[in-house]
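Coordinate-derived values only; no laboratory data. Everything numeric here is computed off the predicted structure, so don't read it as measured data. A quick note on method: Cβ atoms are made from the backbone with ideal geometry, for glycine too, and the neighbour counts reach across all protein chains shown.
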Amino acid sequence: MMRFIRGLDSTMNDDYQLNLISILKHAALRFGKRRVVSKRGEEKKVTTYRDVYEDVKRLANALESLGFSAKDRIGVLSWNTLEFYELFFAVPSIGAVLLELNLRLHPEEISYVANHSEAKLIFVDSQAKEIAEKIAPKVKAKFVGIGCEDFDYTYEELLKLGDKNYEFPVIDERSACISCYTSGTTGKPKGVYYSHRAVFLHTLAVAINFSLSHRDTYLQLVPMFHANGWGIFFSATLTGAKLVFPGRYSIEKIGEVVDLIREEGVTVTAAAPSVLIPMLNYLQKENISLPNLRIFTGASAPPLSLLKGMKERGIEVIHTYGATETTPVVCVNHVIPEVEEELEEEELWELKRKQGLPMFGVEVKLMKNGIELPWDGSSVGELYMRGHWVAKSYYKDERSKDAFENGWWKSGDAATIDENGYVKIVDRFKDLIKSGGEWISSVDLENYLMAHPAVLEACVVGVPHPKWEERPLAFVVLKEEYKGKVSKEELYEHLKKRFAKWQLPDEILFVSEIPKTSVGKFNKRFLKEKYRDFYTTRNL
């Protein structure tokens with residue numbers, strides 16, 4: 001246990017609270033004319049930080065006028081829009097909690113989240129109206145339409161009802177301001193309730209580690225309905241960057257995102273590899289370069305082909321790592337000059353694929369069977385984390401006792417940490433494949449498959465085997481121009497350059513698409529269940 005010592009009282013005003021609204025107020029006062037751009041379908045709206053701050057005042061006042069107050073949970077069903085951004089400040093500013101409702105979950109799970117959190121009010125974007133209608137009979141909340149009617153109130157009515165001269169109360173910084181529920185890949189979603197203090201400190205750390213400034217234009221591609229959209233828009237606001245919200249977009253029309261990047265002069269964005277892989281494919285086909293763009297990626301490890309391909313288009317891709325339980329960013333892959341000097345080119349690329357260095361404010365360690373492991377780059381243990389923006393429990397959930405230990409969150413990720421402090425996720429423990437008593441990393445197989453020039457996406461899962469307990473089964477999506485031209489044998493020859501024979505998948509299946517979770521990760525749970533009898537029913 002940590003020792004706690006109370007020293008001499010300082011002369012500082014330590015009761016000055018860290019409140020989320022202070023971030024937007026700062027932007028409105030110092031960068032008032034900086035633009036905020038938002039799309040909904042073909043419509044594009046341009047406003048400023050000063051006007052956003054005024055809208056937030058009106059919304060906060062209107063919510064209080066309607067009887068909502070501190071501790072109330074207020075949900076939002078929306079894509080990445082200006083209104084969602086405003087609600088991220090307006091709801092917490094009265095002491096209430098903004099509840100992120102993941103649009104990609106099944107309506108039953110969304111209803112569970114709304115009821116478990118006891119949401120009293122839910123804001124609904126026009127493009128999420130159908131989902132709201134499905135959950136409405138199952139929840140007790142009232143609804144506010146954003147750009148649509150047929151609900152208890154409209155967003156526009158609240159703006160008219162509220163007073164722009166509203167004075168924000170001071171909120172205890174340890175109060176919850178935002179809540180997000182895990183995506184429910186293992187059992188029912190678990191609630192994480194972030195404090196003003198946690199989000200504020202996370203905002204400062206991200207601003208520093210992402211090198212954001214008032215000269216940047218930040219595009220919010222990460223869904224804002226999960227893990228605070230990675231929280232980068234808070235940091236962009238703090239530093240006075242221009243903001244761009246794309247509304248609802250699809251990877252099938254990724255060219256529209258590229259057009260928006262070029263039109264608005266975007267210099268920073270963030271997205272999972274599931275978004276960046278089709279983006280790179282589009283850039284290569286159209287021969288487009290974006291030399292002023294840097295992209296932060298997470299959710300899963302980026303393939304080396306993605307990092308190199310983006311670099312050829314002038315784009316710097318920087319790997320990050322985090323989780324719902326960590327607000328979410330923990331690591332950013334900064335290449336330290338003295339470390340870079342020691343590496344050959346290919347070693348440097350491998351370093352860039354690691355999850356990176358933990359930001360100041362978070363501690364990490366590796367644990368195995370109750371013993372802390374050394375940082376030697378080879379010892380594999382479960383990654384534990386604690387810090388200013390790391391959760392200490394789930395909200396009203398018995399699973400907390402298994403996930404937290406003496407202030408540490410147990411991530412479930414199998415990892416190594418090298419002598420320079422770089423974290424590398426080897427796999428999720430539940431996704432490691434145990435074959436004949438030996439462990440095989442599904443992540444390493446996937447990334448090397450995706451290093452083949454013909455492969456767009458690859459996913460590997462372990463499924464039951466009558467002799468070896470489990471064996472790897474690979475799913476591969478080929479790039480359009482390679483379909484019908486690349487054989488399994490060619491991919492096996494490619495894998496043999498890196499892996500021993502016993503590590504190779506027993507079968508490679510070519511598929512048109514790989515199912516994803518609600519946050520863009522490969523849905524390995526679905527594939528394991530669907531193909532659980534694939535090897536056991538074969539004549540082996």
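Here the Kirkwood formula, the inverse mean of 1/r across different C-alpha pairs, assigns segment 433-530 a hydrodynamic radius of 13.7 Å. Rounded to the nearest 500, the 222 nm mean residue ellipticity of the chain from helices alone is -8500 deg cm²/dmol, with -39,500 (n - 2.57) taken per DSSP H run of at least 4 residues. Could you sort out which of 496/528; 33/521; 501/530; 129/410; 308/497; 467/497 sit more than 29 Å apart by Cα distance in this structure? Cα-Cα > 29 Å for 33/521; 129/410; rest within. Per-residue extension of 0.36 nm, minus the Cα-Cα distance of residue 214 and residue 345, leaves a gain of 43.8 nm for this segment.
Multiplying the residue separation of residue 488 and residue 150 by 0.36 nm and subtracting their alpha-carbon distance yields 116.3 nm. Rounded to 0.05, the FRET efficiency of the residue 430 and residue 496 pair, given R0 = 25 Å and the Cβ-Cβ distance, is 0.35.
For semi-axes √(5λ) of the Cα gyration tensor in Å, the value calculated from this model appears in [x] 34, 26, 25; [y] 40, 32, 20; [z] 39, 26, 25 under label [z].
In segment 32-103, taking the dipole from charged Cβ atoms about the Cα centre, the farthest positive-side position among 62, 91, 38 is held by 38.
Overall form of segment 21-248: rounded. Here a/c, set by the Cα gyration tensor axes a ≥ b ≥ c, is under 1.5. Each listed q (0.12, 0.13, 0.20, 0.25 Å⁻¹) maps to a log10 I(q)/I(0) for segment 68-154 from the Debye sum over equal C-alpha point scatterers, namely -0.29, -0.34, -0.86, -1.37. Of interest is the spacing of the C-alpha centroids, which for segment 400-423 and segment 122-164 amounts to 40 Å. Given a Förster distance of 25 angstrom, what is the FRET efficiency for residue 399 paired with residue 6, based on the Cβ-Cβ distance and rounded to 0.05? Efficiency computed from Cβ-Cβ geometry: 0.15.
With each label modelled as a point 7 angstrom along the Cα→C-beta vector, the residue 285-residue 172 pair spans 5.5 nm. Expressed per residue, the C-alpha convex hull volume of segment 180-244 stands at 83 Å³. Judged by the gyration tensor of its Cα atoms, with axes a ≥ b ≥ c, segment 235-321 is rounded; a/c sits under the 1.5 cut.
The spacing between segment 229-266 and segment 479-540, judged by their C-alpha centroids, is 33 Å.
What separates the Cα centres of segment 464-478 and segment 271-338 is a distance of 29 Å.
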